[in-house]
Amino acid sequence: MKIKKFCYTSLVLALISIESLFALTHEQLSYKIMLNNPNLQNSKKDIELATLDLKDSKAAYQPQIELLTSATYMFNPPIGKIVVTPEDYINGETGTSGSLSSLSTIGLDGPVTVYQGMEDTYYDFNIKITQPLYTWDKINTSVDLYNKVVSIKSIKSNSLYKKLLSELEAREASIYYLKQMRENLINQKEIANKLVEVVEEAYNNNMVIEQEVLEAKIKTKKINIAIKQLEKEENTQISQIIKLTNDDIIDVDDIEYVVDEKKIESLFSQTKKEILKKATSSSSDTLQMLSLLKSIKNDQLKIANNSIYYKPDLALQVETNYSGYRLPIIEKGYYTKDQAGLNFTIAIKTTLWDGGKKINDIARKKIEREKSQYNLDNAKNEIAQNVSENLYTMQLTTANIEYQELNSQIINKKIVNLVQEYKQGFNDISSILKKQLELKASEIETYKQKIERAKSYYTIMYLIS
């Protein structure tokens, strides 16, 4: 007997271990979101892209080096071999003339090669180095601008992660209450089935009319419909969690989460003014991003002002070149057949007139800066409104929860009285069963209100984080 009991205990422990193996805590699901959520991963890539843009803006501090090279091979060079004969000299075709005797005196008694002709190869190298010297602080402003863009992308990614965690917790809380509702509905179904049996028996004994039998059966049908609706809601919640975590093997029963209702109710210890102050403080993610965006618009306006017609950019340009028939250093005699140069240039670049586009750009940047301030003010108002609405929802749902809990207490007392009356023979079992269904319905309504309150709570916590 003891062996059987031990085996049974071991089996139960093994089943519990297997169940816990697949259970997912809030921390585990949060980690899955951090690793797998597509939107969050995209936001991280946006940070990387913004960082590359920042590096590009800093590259403007450094010189720009350009290299242009060419190598040409000529099958038939345009200038061939040049040969002078004594006849050319006598006839004056070389620019001078003389007699045969004079040619013999200077040793010109046959053809003489004056120029060997162009070589088949020709090389050209050109290196240009351009270093900005003065740009009216446009480079510094551009670097500051992209630093702020990187900050915005980082805050946005962090804010998105917090928002996803807030949504996750709200859905976990919904599943927590839905599980309790499921148990409640299963109990309701058992009670309703029992009620149908009792009423049908009473009807067969001519103690009740057929209408009561139909009403009892309708209650059962309503409960079945409620179970289907609950299953649909569970599927919706788990589908969204799967979407958040990008993990399609999660099931409702895998979610291991318990709502801390005292923590939710503790929010009421703060006044509405205190909560709104936290939500609309300059340290909130949304307002930080909008403040940085406003600063970026100021930087863009500064760059536009410093790009106006009478503010030219100044740069130093160094250019070195080599051209010749032989590769330098590699081929012999290159230094006797080349042309090399080194030039230093101070360059000034500006637009003299473009039809007023730069002036229009300055005006455009001013308008965008003003819009960024309006967006900041509007965001504060929207956050405050969102917080206020969710606080009101929390207060309303809490009042409904308290009402339903009191109502449940009253129904419980009535059930106790009905049971006593039934034992004394003053009542029938159907009255007790109907009242038990009423109690379960009140509990269901309580869970619904708790789900709505939890959603509002996690929304507020995200807005003030």
* Asked: (1) over 24 Å from THR130 (Cβ atoms); (2) assigned to a helix (DSSP H, G or I); (3) modelled with pLDDT under 95: which one isn't true of LYS332, the others all being true?
  -> (2)
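Yes/no per residue for (1) surrounded by 11 or more Cβ atoms within 10 Å (Cβ to Cβ); (2) modelled with pLDDT of 95 or more; (3) farther than 30 Å from THR130 by Cα:
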site: GLU27; (1), (2), (3): no, yes, yes
site: SER30; (1), (2), (3): yes, yes, yes
site: ILE47; (1), (2), (3): yes, yes, yes
site: MET74; (1), (2), (3): yes, no, yes
site: VAL83; (1), (2), (3): yes, no, yes
site: PRO86; (1), (2), (3): yes, no, yes
site: ILE90; (1), (2), (3): yes, no, yes
site: THR105; (1), (2), (3): yes, no, yes
* Asked: Looking only at residues in the stretch 413-424 that are surrounded by 14 or more Cβ atoms within 10 Å (Cβ to Cβ) and within 18 Å of ILE191 (Cβ to Cβ), which one is farthest from the chain's Cα centre (by Cα)?
  -> TYR422
* Asked: Just a yes or no: is a residue in the stretch 352-371 outside any loop (DSSP other than H, G, I, E, B), among the charged types (D, E, K, R) and in contact with an Asp or Glu (Cβ under 9 Å, 6 or more places away or on another chain)?
  -> no
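Quick one: which residue in GLU402, GLU421 is in a helix (DSSP H, G or I), charged (D, E, K, R) and within 30 Å of LYS263 (Cβ to Cβ)?
Details: GLU421 fails: within 30 Å of LYS263 (Cβ to Cβ).
Testing whether each residue is in a helix (DSSP H, G or I), charged (D, E, K, R) and within 30 Å of LYS263 (Cβ to Cβ) leaves just GLU402.
Select from the stretch 129-139 the residues that are in a loop (DSSP other than H, G, I, E, B) and either of a type in the set (Ser, Thr, Tyr) or out of contact with any Ser or Thr (no Cβ under 9 Å at 6 or more places or on another chain) (or both) and list them in ascending order.
Let us first name the residues in the stretch 129-139 that are in a loop (DSSP other than H, G, I, E, B), namely 135-137.
Hits for the stretch 129-139 are THR135, ASP137.
What about ILE238, is it of a type in the set (A, V, I, L, M), closer than 30 Å to SER295 by Cα and within 48 Å of the chain's Cα centre (by Cα)?
Working: of a type in the set (A, V, I, L, M): yes; closer than 30 Å to SER295 by Cα: no; within 48 Å of the chain's Cα centre (by Cα): yes.
Here the answer is no, as ILE238 does not meet what is asked.
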* Does at least one position in the stretch 143-154 carry a residue that is in contact with a Lys or Arg (Cβ under 7 Å, 6 or more places away or on another chain), among the β-branched types (Val, Ile, Thr) and in contact (Cβ under 8 Å) with a residue 60 or more places away in the chain? -> yes
* Is it true that LEU244 is buried (at least 17 other Cβ atoms within 10 Å of the Cβ), at pLDDT 95 or above, out of contact with any Ser or Thr (no Cβ under 8 Å at 6 or more places or on another chain) and over 30 Å from ALA384 (Cβ atoms)? -> no
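Give GLN395, GLN409 a once-over and let me know the one that is assigned to a helix (DSSP H, G or I) and within 17 Å of ILE264 (Cβ to Cβ).
On the way: GLN409 fails: within 17 Å of ILE264 (Cβ to Cβ).
Matching residue, one of GLN395, GLN409: GLN395.
With the structure loaded, tell me whether LYS294 is out of contact with any strand residue (DSSP E or B) (no Cβ under 6 Å at 6 or more places or on another chain), modelled with pLDDT of 95 or more and farther than 16 Å from ILE155 by Cα or whether it fails that test.
On the way: out of contact with any strand residue (DSSP E or B) (no Cβ under 6 Å at 6 or more places or on another chain): yes; modelled with pLDDT of 95 or more: yes; farther than 16 Å from ILE155 by Cα: no.
In short, no.
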* Would you confirm whether any residue within the stretch 285-296 is closer than 28 Å to SER174 by Cβ and surrounded by 15 or more Cβ atoms within 10 Å (Cβ to Cβ)? => yes
* Would you mind stating whether GLU319 is touching a Ser or Thr at 6+ places or on another chain (Cβ under 9 Å), of a type outside the set (Lys, Arg), surrounded by fewer than 19 Cβ atoms within 10 Å (Cβ to Cβ) and more than 23 Å from LYS162 (Cα to Cα)? => yes
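Suppose we filter GLN237, GLN288 for residues that are of a type outside the set (A, V, I, L, M), part of a helix (DSSP H, G or I) and touching a strand residue (DSSP E or B) at 6+ places or on another chain (Cβ under 9 Å); which single one remains?
Details: GLN288 fails: touching a strand residue (DSSP E or B) at 6+ places or on another chain (Cβ under 9 Å).
Result: GLN237 is the single residue among GLN237, GLN288 that is of a type outside the set (A, V, I, L, M), part of a helix (DSSP H, G or I) and touching a strand residue (DSSP E or B) at 6+ places or on another chain (Cβ under 9 Å).
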* List every residue pair whose Cβ atoms sit under 7 Å apart, with the two residues 6 or more apart in sequence or on different chains, where the first one lies in the stretch 243-270 and is under 18 Å from THR25 (Cβ atoms) and the second, anywhere, is at pLDDT 95 or above and acidic (Asp, Glu). => LEU244/GLU167; VAL252/GLU234; ILE255/GLU172; TYR257/GLU172
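The values are calculated or read from the model by the stated rules, or taken from the named source; none is laboratory data. Predicted model only: the values in this text are computed from it and were never measured. Ideal geometry is used to build each Cβ from the backbone, glycine not excepted, and the neighbour counts take in all protein chains shown.
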